[in-house]
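Everything below concerns the one structure shown next.
The values are calculated or read from the model by the stated rules, or taken from the named source; none is laboratory data. Everything quoted here is computed from the prediction, not taken from an experiment. Neighbour counts run over all protein chains shown; Cβ positions are idealised from the backbone, glycine included. Accessible surface is based on the protein model in full, side chains and every heavy atom, while ligands, DNA and RNA are left aside. Shrake-Rupley method; radii C 1.70, N 1.55, O 1.52, S 1.80 Å.
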Amino acid sequence: QVQLVESGGDLVQAGGSLRLSCAASGNIFSINAMGWDRPAPGKQRELVATRGSGGRTSYADSVKGRFTISRDNAKNTVYLQMSSLKPEDTAVYYCKAEIMLGGGVAFYDYWGQGTQVTVSS
């Protein structure tokens with residue numbers, strides 16, 4: 001019923017930049033927060049960045065000042081501008097969205113399939 005499709009992952013040299021995109025489609029009534037997760041040592045996944053429907057943002061300490069999350073609510077799309085990339089940023093990045101389906105009464109989490117970001121030293 002809902003699909004999250006990511007794009008933009010690539011191989012880049014340390015210090016470079018990438019822009020990830022994630023578009024949500026399907027039987028969507030409303031979207032609350034949208035953001036990005038990635039695997040982390042000792043955790044299943046860590047929050048990289050999130051942006052609420054009202055514009056409030058939150059970032060992992062490891063990416064503050066380097067990554068910027070933005071969103072086009074009209075297109076149900078979230079972006080992650082990644083700059084000054086480091087080898088430790090290498091991961092599969094998963095888009096996450098809190099979505100209420102048409103006819104629904106609650107928000108549920110949905111994830112995309114992931115997009116690979118590889119940063120070479």
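Quick check: convex hull of the Cα atoms in the chain, volume per residue, rounded to a whole Å³? Intermediate results must be reported in sequence, preceding the final value.
Values: hull volume 11.4 nm³, N = 121.
Taking the convex hull of the Cα positions in the chain, it is 94 Å³ per residue.
Bridging of residue 64 to lysines at a Cα separation below 16 Å is possible for 86, once same-chain residues fewer than 8 apart are set aside.
Provide the per residue accessible area, probe 1.4 Å, for the stretch 1-68, rounded to a whole number of square angstrom. Show your work: numbers first, answer last.
Working: 3840 Å² over 68 residues.
Heavy-atom accessible area per residue stands at 56 Å².
Summarising the overall dimensions of the stretch 1-56 from its C-alpha atoms, the Rg and Dmax are 13.8, 40 angstrom. What the phi angles of the stretch 96-112 give under the Karplus curve with 6.51, -1.76 and 1.60, with θ = phi - 60°, is a coupling list of 9, 9, 9, 10, 9, 6, x, x, x, 10, 8, 8, 10, 7, 10, 10, x Hz, glycine and proline written as x. When only alpha carbons are used to place a centre, the stretch 5-67 and the stretch 83-120 end up 5 Å from one another. Backbone phi angles across the stretch 113-121, fed through the Karplus curve with coefficients 6.51, -1.76 and 1.60 (θ = phi - 60°), yield HN-Hα couplings of 7, x, 9, 7, 10, 10, 10, 8, 8 Hz in residue order; Gly and Pro are listed as x. Which Cα, out of 52, 113, 18, lies furthest along the positive dipole direction of the chain (beta carbon charges, K/R +1, D/E -1)? Working it through, the farthest residue towards the positive pole turns out to be 52.
Quick one: work out Rg over Rh on the C-alpha atoms of the stretch 41-107, Rh as Kirkwood radius.
1.01
Among 19, 56, 51, the order of accessible area from largest down is 56, 19, 51, computed with a 1.4 Å probe on protein heavy atoms. Enumerate the lysines that residue 75 could reach by cross-link, defined here as Cα to Cα under 21 Å, with residues fewer than 8 away along the same chain left out. Cross-link targets: 96.
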